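Visitor: Handing you this structure, nothing more for now.
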Amino acid sequence: MSDNSNVDKQNPPASIGFWRGWSIAVGCAIGSGVFMMPTLLAPYGMLGMAGWLIAGGGTLLVALCLSRLVRRIPKIGGPYAYVHEGLGQFAGFLIAWTYWIACIAAVSGIAIAFVGYLGVFIPEITESRLLSLVFALGLIWTIFVLNIRSLEGSSKFQVLSTLLKLVPLLFMIVMGFTHMQPHNLPEFNPTELHPAALLATVTTLVMWSFVGIETASVPAQNMREPEKTIPKVLVAAVLSILTIYMLVSFAIALVVPAEELAGSSAPFALAATKIMGPVGAAAITFGALISTLGSLNANAFTAGNIALAAAKDNLLPARFNVLTDNGTPSFAFIISAISVSVLLFLNYTKGLVAAFTFMAMLSTLSTLMAYAFCAVAEFYFLKSDQPGPERNKAIGLSIAAFLYAFFAIWGAGTEIVFYSFMLILIGMPIYALVRQ
C-alpha cells in the first residue's frame, strides 16, 4: 500500500489541460510590464509599434522550436529538460540554475510592483518602507503556500487571474477605439535614428513583455498529453499576447498625445482618466493589481517545478524531489520563497524602481539564454533525424530561433550580461557538490 502511495506522489494525476496551460503562459507573460510599455515606445513614433511585430515573430519562432522539442521530450522542466537531454548535465545545470534565478528575480520584482500599485488605494503602504516590505513578504508567502497546498488550486487561481487581468486590457482597447482621436497618433519616425537601428532598439524594449510563454512547457508531468497540448498552448499564447499588445498600444496612442505619454509613469491610468476620469484610473489600477498577481503566481509555480526537474536528474539535492500527498514539491517551493524573501530584503535597502528594472532585465536575459540553448539542443537532435524537407525546415527554424535569442541578448547591454555571467559562476560550486 505504501509503495503504491509513493508511486502516486511521484506521478501525480495530469490536471492541466489546454486552457490552464494557456493561462500559465499568458498569465506569466502579461505582468506589470505591459502597463508601462506605451510610455517606453512613445518617443519612437509609429515605427516603434513595429517592434511588437518583430518581437512577436521572434517569440513565435522560439515557440515553434520548443514545440518540436516537447514532442521529442515530454518531460517536466521545459527548456531545462530539453537542454539536459540534448547537451548533457553541465549545460542542463546552467539552464536550470539561470532559469530558476529568472523566476526568483521575477517574483521579487513583481511583488514590489504589486505593492506599488496597491499604494494608489492605500498610500500608507508606500509611504512606509517597513510596511511595504511586510505586505510584499505576506503576498509572496501566500502565493507559495497556495502552490504547496494544491496544484489544482494553483492552476484554477491562474485561470481566474488571467481572465481577470485581460478585462482592463480589453476595456482599454474598446474605449480607446471608440474615443479615438487620430490626430493624437505620433509621427512615423520622430527620432534621428535609422529605421533599422530604431527597430533594433524597440524590439529589445518590448521583448521582455513576451518572456514567460515557455512556462507552459515546464509542468509537462502534470499536463494531459503534453506532446500534443503544449505545442498548441505555446503558439496560441504568443498569438494571443501579440494581438492584445498591438491593439492596446494603438488604442492608447489614439487617446493620449505622444508627448504626454512619454512623460507619464502610468500611461494606462492617464488614458483611462481622459476617457472616464478618476473612476477609469481606479479601474485600471485594480486591473494592474490583478495582472501582477497572476504573473506572480505563474512565476512562483515555475520556480518550484524547475527545481523539481533538476532534482529528478540529480542536479540538485534529493530533498527537492520530495512531493507532498497532493503531488507538489513543497521543499522546492519553500527554498524559492526564502530566496525571494532575501531578494526583497536587499531591494528595500535601495531604490525600488532601479531594483525592479534590474531584476526584470536579469530575468529576461536568463530566459533568453534558455531559448538560445534550446535552439542548440535541437541541432543535436536533428543530427539523427531522417534527411529530407522536414529536417531542412527544422534546421532553418532552429537557426532563426538562435539568431533571434542572440540578437536580443546582445541588445540587453554589457552590464546585465556581466551580472548574468557572475550568477553563472556562483552556481558552479553547487554543481560540483551535487554532481555524481
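Visitor: Provide the gained length on full extension for the span Asn326 to Glu192, in nm with one decimal, where the gain is 0.36 nm per separating residue minus the Cα-Cα distance.
Guide: Extra length available between Asn326 and Glu192 comes to 42.4 nm.
Visitor: Based only on other Cβ atoms within 10 Å, what is the fewest-to-most ordering of Lys156, Lys75, Lys165?
Guide: Numbers: Lys156 14, Lys75 19, Lys165 24.
Starting with the residue having the fewest Cβ neighbours, the order is Lys156, Lys75, Lys165.
Visitor: Let me ask something additional. For the chain, what does the relative contact order come out to in percent, with C-alpha contacts under 8 Å and a separation of six or more?
Guide: Worked out over the chain, it gives 34 percent.
Visitor: Rank by packing, highest mean first: peptides 278-284, 337-343, with packing defined as the count of other Cβ atoms within 10 Å averaged across residues.
Guide: 337-343, 278-284
Visitor: At 7 Å along Cα-to-Cβ for each site, give me the label-to-label distance between Leu164 and Ala432 in nm.
Guide: 4.7 nm
Visitor: What Kirkwood hydrodynamic radius do you get for the stretch 175-308 when you take the inverse of the mean 1/r over all pairs of distinct Cα atoms, in Å?
Guide: After inverting the mean inverse Cα-Cα distance, the result is 17.6 Å.
Visitor: With N set to the number of residues, divide the alpha-carbon radius of gyration of the stretch 14-434 by 2.2 N^0.38 Å and report two decimals. Kindly include the intermediate steps, with their values, before the conclusion.
Guide: On the way: Rg = 20.7 Å, N = 421, 2.2 N^0.38 = 21.9 Å.
Compactness ratio reported: 0.95.
Visitor: State the answer as a single residue: which of Leu170, Ile430, Leu368 lies farthest towards the positive end of the charge dipole of the chain, with beta carbon charges of +1 for Lys and Arg and -1 for Asp and Glu, about the Cα centre.
Guide: Of Leu170, Ile430, Leu368, it is Ile430.
Visitor: Something else about it: Could you tell me the center-to-center distance, by alpha carbons, between the stretch 123-190 and the stretch 224-274 in angstrom?
Guide: The stretch 123-190 and the stretch 224-274 have Cα centres spaced 12 Å from each other.
Visitor: Test of understanding: ordering His179, His194 by Cβ neighbours within 10 Å, fewest first, what list do you get? Numbers along the way, then the final one.
Guide: Values: His179 14, His194 10.
Neighbour counts put them in this order, fewest first: His194, His179.
Visitor: Any chance you could list P(r) for the stretch 52-158, counting all Cα-Cα pairs in 5 angstrom bins from zero, rounded to whole %?
Guide: P(r) over the stretch 52-158, rounded to whole percents: 2, 10, 12, 13, 17, 16, 13, 8, 5, 3, 0.
Visitor: Among Tyr117, Tyr82, what is the fewest-to-most ranking by other Cβ atoms within 10 Å?
Guide: So the residues, fewest neighbours to most, are Tyr117, Tyr82.
Visitor: Here's something else I'd like to know. Which value, in debye to the nearest 20, gives the size of the charge dipole of the stretch 14-434 about its Cα centre, when Lys and Arg are +1 and Asp and Glu are -1 at the Cβ?
Guide: About 860 debye.
Visitor: Which one, Asn184, Pro74, Ile334, projects farthest toward the positive side of the charge dipole computed for the chain from Cβ point charges (K/R +1, D/E -1)?
Guide: Final value for the positive-end residue is Pro74.
Any read-out appearing in this document is the output of simple, stated calculations on the displayed coordinates, not a laboratory observation. All of these numbers come straight from a predicted model, not from anything done at the bench. Methodologically, a virtual Cβ is constructed for each residue, glycine included, from the backbone with ideal geometry; neighbour enumeration extends over all protein chains shown.
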